[in-house]
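The values are calculated or read from the model by the stated rules, or taken from the named source; none is laboratory data. No experiment lies behind these values; they were computed from the predicted model shown. Here the Cβ is made from the backbone with ideal geometry for all residues, glycine too, and neighbour counts use every protein chain on show. Just so you know, the surface numbers come from the protein's heavy atoms only, side chains and all, with ligands and any DNA or RNA stripped out. Shrake-Rupley method; radii C 1.70, N 1.55, O 1.52, S 1.80 Å.
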Amino acid sequence: MGVAGPFPGYAGRPPGPVMDRDEVDRALARLGAEHEAIETSLLALQDHAGRRLLEGADLTGVTKERWATTEQSITLLWGYFDAYAGALAEARTVRARRRYPNRDDLLALTELLRGQGITVAHAAGHPDPSITGPAKLSERFTLEELVARMNELYARSLDMVVASDAVWSALPARIDLLAAELHRTRSLAHSVGVRPGEHPAGDDLAAITHELTTLRVQVISDPLAFWLSGPGSSAPGGGRPDTTRYDRAARALDDVRREIEAVLAVRQDAEQRLVQLRDVLSRADRTLTEARSARGEVLAKIAASEVPAVSGPATALQERLAAASEYRRHAQWHRLSPLLETLEREAEEELLRARESLTAVTAPLAVRAELRGRLDAYKAKVARHGLAEDPLLIERYDAARRMLWSAPCDLRVATQAVLRYQETAAELLSQRRAAGPEDRR
C-alpha cells in the first residue's frame, strides 16, 4: 500500500545535526527491535479469534459500523508497516556499504532515520477520514511518526476486536446455559399444568423464552452494543460485557422456578393439607355451635345483658374446599396451589373469629362466676374472724346469693349486692381489729 519515498540528494540539508556512526547503529538497533515487535503484534491481530469471528459474522448496528472502520485500519496498518520495513531496509543497505561510513553516507542515514522521507500513498480512494484525519492522497512521515501512527491504529483496532471477542466469549455461552435451564423448567411447568394463557408463570416463561432468543441474536450480530467501556481505561479491551438483560432474565427464571417448586410441593402434600383444612373448619363449626348453645343459656340465665349474635357456619369456605378437592382429583396443581394458601389463611381466621364469638357470648356467665367466687371468698374470710353469725352479714350474703343463683340473674343488681356485702364485711372487720386490744386488757 505504501512504499518508501525517494531520498533527497546527499548534498541536501539534513534534518538537524548529522548523526555519527554510533548514533546510527543505536538507532538501527532500536528500529529493528521495533520492527520485530510491530510485526509480531500485527500477526497476532491477524490471527486473533475475535478478528476471524468478525470477518465471518453477519454484523449489525454499531459493531457493523466499527468493524468497517477497523478493517480499513488493519489494511492501512499493513501498508504503513510495509513502508516502515522498506525504509528500515534502505537504511540498513546504506549502513552496510562501509564499516566506517563517510559523510555522504551519514547524511543519507540521517535523512532516512530522522527526516520525513517516507511517503505513503493511499490507494483505492484513500482511507476513511476518521482513521487518519482529513482525507489525503498521500502522507509523509518520519520513522518515529509512522510508529506512533501504527501504534494508534493498532490500539484502536485491537480494542474493537478484543471487546467483541469478550462479549462473544461471555454472553452466548451463558445464554445457552440459561436457555437449557429454561427448557427444563418449562417441561416441569407443563407437567403440573402451568401453561401460557392458563397461569401467570406460564406467561412469564413464554416472555423469558422470547427475551433469551432475541438477546442471543442481538449479541451475535452486534456484540459492541453489549460492551461497557471501563472508566478511565486506555488499554485495549478495557471494560466488561453488559449483562443487564441477561441478569434480568435469570432473576425472572428464578422467580418462576420457585413458583413451580411451590406447585410441585402442593402436589406432594395436597392431601395432608386438605385434611388439615377440613379439621380447622370442623373445629370452627364446633366452636360456633358451642357459642350458639351458650348464647341460649346466657339469654335464659342472665337478664339485662347485651349478648352478641353468633354467625352461621362458613359455607363459602366449605364450597371452596370442595373446589380444592376437585382440583386435586383432576391434577390441576397450578389452580390448587394459590387456592390452598388462601384457604389455609382464611380457615385460621374463621377459627379465631369462632373462638372470639364464644368468648364474647359467654362473658356474662364468666362475670357471674367471678361474682360467685368473690362472694364465697369473703364469706370464708369473715368466718375465719368469727363474724359468720353476724345478722347483718347473713342478711346481705343471702340477698347477694339469691340474686347470683337465681335465673334470670341481673348482673348489675347482683354486682351491687356483692359490693354491699364486701363493704359491710370490711367495716365489721376494721371495728373488730380496733376493739381487739381493749378486750385483751
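Structure notes:
- Filtered by the rule that a residue be open to solvent by less than 40 Å² (accessible area, probe 1.4 Å) and in contact with a Phe, Trp or Tyr (Cβ under 8 Å, 6 or more places away or on another chain), region 266-286 gives VAL266, ALA270.
- Qualifying residue in region 197-209 (condition: on the phi > 0 side of the Ramachandran plot and surrounded by fewer than 18 Cβ atoms within 10 Å (Cβ to Cβ)): yes
- Exactly one residue among VAL162, VAL194, VAL167 is within 28 Å of THR63 (Cβ to Cβ), in contact with a Gly (Cβ under 6 Å, 6 or more places away or on another chain) and either aliphatic (A, V, I, L, M) or crowded, with 20+ Cβ neighbours inside 10 Å (or both), and that residue is VAL162.
- Looking only at residues in region 287-334 that are open to solvent by 50 Å² or more (accessible area, probe 1.4 Å) and polar (S, T, N, Q), the one that is nearest to ALA366 (Cα to Cα) is SER293.
- Checking every residue in region 377-389 against the condition of being surrounded by 17 or more Cβ atoms within 10 Å (Cβ to Cβ), among the charged types (D, E, K, R), more than 60 Å from the chain's Cα centre (by Cα) and over 18 Å from GLU306 (Cβ atoms) gives at least one match.
- So THR93, is it closer than 22 Å to ALA33 by Cα, surrounded by fewer than 15 Cβ atoms within 10 Å (Cβ to Cβ) and hydroxyl-bearing (Ser, Thr, Tyr): yes
- Residues satisfying the stated conditions in region 20-58, i.e. in contact with a Leu (Cβ under 9 Å, 6 or more places away or on another chain), open to solvent by less than 50 Å² (accessible area, probe 1.4 Å) and part of a loop (DSSP other than H, G, I, E, B): HIS48
- Any hit, region 243-265, residues being open to solvent by 20 Å² or more (accessible area, probe 1.4 Å) and outside any helix (DSSP H, G or I): yes
- Test: residue in region 429-436 that is basic (Lys, Arg) and more than 30 Å from VAL275 (Cα to Cα): yes
- When residues of region 179-191 are limited to those that are touching a residue at least 24 places away in the same chain (Cβ under 8 Å) and more than 13 Å from LEU264 (Cα to Cα), the one surrounded by the most Cβ atoms within 10 Å (Cβ to Cβ): LEU182
- Being farther than 30 Å from VAL413 by Cα and either modelled with pLDDT of 85 or more or more than 50 Å from the chain's Cα centre (by Cα) (or both) holds for only one residue in THR289, THR315, and it is THR289.
- Residue satisfying condition, being modelled with pLDDT under 80 and either in a helix (DSSP H, G or I) or open to solvent by less than 30 Å² (accessible area, probe 1.4 Å) (or both), within set SER337, SER406, SER357: SER337
- Subset tally (residues that are assigned to a helix (DSSP H, G or I), within 17 Å of LEU365 (Cβ to Cβ) and either open to solvent by less than 80 Å² (accessible area, probe 1.4 Å) or touching a Gly at 6+ places or on another chain (Cβ under 9 Å) (or both)) for region 409-419: 5
- Look at region 254-280: where a residue is closer than 18 Å to GLU326 by Cα and a partner is modelled with pLDDT under 85 and among the β-branched types (Val, Ile, Thr), sitting 6+ places away or on another chain with Cβ atoms under 7 Å, you get VAL263/VAL192; VAL263/VAL194; LEU264/VAL192; ARG267/VAL192.
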